[in-house]
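Written out below as structure tokens is the structure these notes cover.
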Amino acid sequence: MFIQVLKPACRVRVETNGSMTVVTLRGSADLTAVDALQTELSGVLAAPPRSLVFDLGELEFISSLAVGVLIGAARETKRLGGAARIINARPLVLELIQITKLDELFEIGQ
């Protein structure tokens, strides 16, 4: 018997409150989600926020390509004088952030 376990699709929610934009990722940010994530973040960066917050509390998996998209958005936000932050990262995702030294690019919080 063969059972295939499918990862839930990645869902992206963007909320802006003044100069802060919160991007909430849910599910699995795998290879199939990269283009949609890039499109969403391009829209966010069209009017760059002073504070770009990625809420990863409901993110179950993130691919290296999706991490690259977050890095690009954080670098652009910082280049324009803003700040980038990751909040609510699950232990596995937080470990990846720390191992890759991304905690030097992003502020990390709860």
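May I ask you to say which residue of S51, S28, S19 is of a type in the set (G, A, S) and open to solvent by less than 20 Å² (accessible area, probe 1.4 Å)? Talk me through it step by step, then tell me what you get.
Details: S51 fails: open to solvent by less than 20 Å² (accessible area, probe 1.4 Å); S19 fails: open to solvent by less than 20 Å² (accessible area, probe 1.4 Å).
Of S51, S28, S19, the one residue that is of a type in the set (G, A, S) and open to solvent by less than 20 Å² (accessible area, probe 1.4 Å) is S28.
Could you please find all residues in the stretch 26-40 being touching a Gly at 6+ places or on another chain (Cβ under 9 Å) and assigned to a strand (DSSP E or B)? Full working, then the answer.
From the stretch 26-40, those touching a Gly at 6+ places or on another chain (Cβ under 9 Å) are 26, 33-34, 38; that's our starting set.
Listed by number, the list holds a single entry, R26.
Across the stretch 54-72, which residue is most open to solvent (accessible area, probe 1.4 Å) among those that are under 21 Å from N17 (Cβ atoms) and acidic (D, E)?
Among those that are under 21 Å from N17 (Cβ atoms) and acidic (D, E), it is E58.
Of the residues that make up the stretch 41-52, is at least one at pLDDT 90 or above, of a type in the set (S, T, Y), part of a strand (DSSP E or B) and over 10 Å from the mean Cα position of the chain (by Cα)? Let's see the steps before the verdict.
In the first step, residues of the stretch 41-52 are kept if they are at pLDDT 90 or above; the result is 41-46, 50-52.
Then drop every residue that is not of a type in the set (S, T, Y), which leaves 42, 51.
When the remaining residues are screened for being part of a strand (DSSP E or B), the result is 51.
Now narrow it down to the ones that are over 10 Å from the mean Cα position of the chain (by Cα): 51.
Yes, the stretch 41-52 has at least one match.
Considering only residues of the stretch 35-48 that are closer than 16 Å to V12 by Cα and aliphatic (A, V, I, L, M), which is surrounded by the fewest Cβ atoms within 10 Å (Cβ to Cβ)? Step through it out loud before you land on a result.
The first filter runs over the stretch 35-48 and keeps only residues closer than 16 Å to V12 by Cα, leaving 35-45.
This time we only want the ones that are aliphatic (A, V, I, L, M), so: 36-37, 41, 44-45.
Details: A36: 15, L37: 20, L41: 23, V44: 19, L45: 17.
Among them, the one singled out is A36.
Name every residue in the stretch 72-87 that is in a strand (DSSP E or B) and aliphatic (A, V, I, L, M), in order of residue number.
Within the stretch 72-87, the first condition is being in a strand (DSSP E or B), and the residues that meet it are 83-87.
Passing the criteria: A83, A84, I86, I87.
Inside the stretch 31-42, can you point out the residues that are touching a residue at least 12 places away in the same chain (Cβ under 8 Å) and farther than 11 Å from A73 by Cβ? Walk me through it before giving the result.
Narrowing the stretch 31-42 to residues touching a residue at least 12 places away in the same chain (Cβ under 8 Å): 31-34, 36-38, 40-41.
Hits for the stretch 31-42 are L31, T32, A33, V34, A36.
Looking only at the stretch 89-110, which residues are out of contact with any Leu (no Cβ under 6 Å at 6 or more places or on another chain) and not in a helix (DSSP H, G or I)?
Scanning the stretch 89-110 gives R90, T100, K101, L105, F106, E107, I108, G109, Q110.
Mind counting the residues in the stretch 73-105 that are closer than 19 Å to T16 by Cα and either surrounded by 13 or more Cβ atoms within 10 Å (Cβ to Cβ) or in contact with a helix residue (DSSP H, G or I) (Cβ under 9 Å, 6 or more places away or on another chain) (or both)?
Result for the stretch 73-105: 13.
Suppose the filter is at pLDDT 95 or above and either of a type in the set (D, E, K, R) or on the phi < 0 side of the Ramachandran plot (or both); does R85 pass it? Steps first, please.
On the way: at pLDDT 95 or above: yes; either of a type in the set (D, E, K, R) or on the phi < 0 side of the Ramachandran plot (or both): yes.
Judged against the criteria, R85 is a match.
The values are calculated or read from the model by the stated rules, or taken from the named source; none is laboratory data. Not measured: the values here are computed from a predicted model. For neighbour counting, all protein chains shown are included, and Cβ atoms are generated from backbone atoms with ideal geometry for every residue, glycine included. Note: accessible area is taken over every heavy atom of the protein model, side chains too, but ligands, DNA and RNA are not part of it. Shrake-Rupley method; radii C 1.70, N 1.55, O 1.52, S 1.80 Å.
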